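Coordinate-derived values only; no laboratory data. Keep in mind that what you see is a predicted model, and the values were worked out from it rather than measured. We place every Cβ from the backbone using ideal geometry, glycine too, and count neighbours over all the protein chains shown.
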């Protein structure tokens, strides 16, 4: 196999797609994030990177709180809409029906099968264009029909993924189980 | 729609699967990471979270360098193997054929269709069990046959995803294009 050095590209791995929500004094706003990850489990921390100049950034910092909403496949157009226009000149407060949990600073999207309230724990200033936000998931909400034994079931939620060629894709077929497939090499 | 508050769960969104490589004085080691993201594009930064106690963690910090290797679907068993055993008591240096680019501290996996050399730019100490590593991608390598117009082509690379129910899944069918599907709401 011969490898060549190529121009550095962001076409690397698929990413999850989520909708982040914040609430200003007057209204909720939602934006699409396609690079987000869990950074640890105890406590459950979620991490994403955000342009400093985005409309929602100072609101999130002020509130120390935001919502994480998992869109299902059938929400792809509305979710994409939230990734096109900025809250600076687009009112996205009526795109979805909104409800609230205990922390009323996190606007939760009714149409999304899973919602989480996230409380900001750490902000990393990248000394350039971005902040990295690290937050603890403190509340979670779901429709009963997407649960299996009390936990969200991916087959029912139908979250989707994003690749950096501007493409949204479904989750595909199961090809293996973690901590099992590799045992053949033990 | 009626939502209920549920027990906090990591069953949220699908994650990418990559193999991270480091090189000690004596040999390379590889471990599986299923939560990783690009945190910005200029320069291209990659970010992941790592247990402080992992075998590779002090090596990565000492070298200020690691490799990022994208496994394809057909590597699922070998990649999973790298997620089972620790480098402390498992020699994973011969699981793959290894080559090197310009920075010889990043062991690159020949079998993986895309490889990147990552140079550590920032370490965030989470004051607990984890560090967060933020690194710049400084070199990238690929087989000619997975490129389309010089860029990696997801359809040819066939990266796969991980869901927190311990399941590996293929990328599925295309359901839309970013910055396009949402225009119907404009």
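Figures for the structure shown
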| read-out | value |
| --- | --- |
| Per-residue average of Cβ from other chains inside 10 Å of A:73-81 | 5 |
| Position residue B:52, label points 7 Å along Cα→Cβ, spacing to each other copy in nm (shortest first, one decimal) | 2.9 |
| Spin-label model distance (nm) - residue B:185 vs residue B:97, 7 Å beyond Cα toward Cβ | 4.9 |
| Calculated label separations, residue B:25, copies of the chain, 7 Å along the beta-carbon direction, nm | 6.2 |
| Computed [θ] at 222 nm, helices only, for chain B once each DSSP H run of length n ≥ 4 contributes -39500 (n - 2.57) | -2500 deg cm²/dmol |
| Inter-copy separations for residue B:74, label at 7 Å along Cα-Cβ, nm, ascending | 3.8 |
| Spatial separation of Cα centroids for region B:106-123 and region A:54-94, in angstrom | 33 |
| Sites residue A:144 and residue B:61, calculated FRET efficiency, Cβ-Cβ separation with R0 41 Å, nearest 0.05 | 0.35 |
| Gyration tensor (alpha-carbon) shape descriptor, the protein assembly as shown, a/c threshold 1.5 | prolate |
| Extended-chain gain in nm, criterion 0.36 nm per residue less alpha-carbon gap, residue B:88 and residue B:7 | 25.7 nm |
| Spin-label pair residue B:151/residue B:77, simplified geometry with 7 Å Cα→Cβ offset, distance in nm | 3.5 |
| Net lengthening on full extension, residue B:177/residue B:129 (0.36 nm per residue, minus Cα-Cα) | 13.4 nm |
| Peptide-level mean, for B:51-61, of C-beta atoms on other protein chains within 10 Å | 0 |
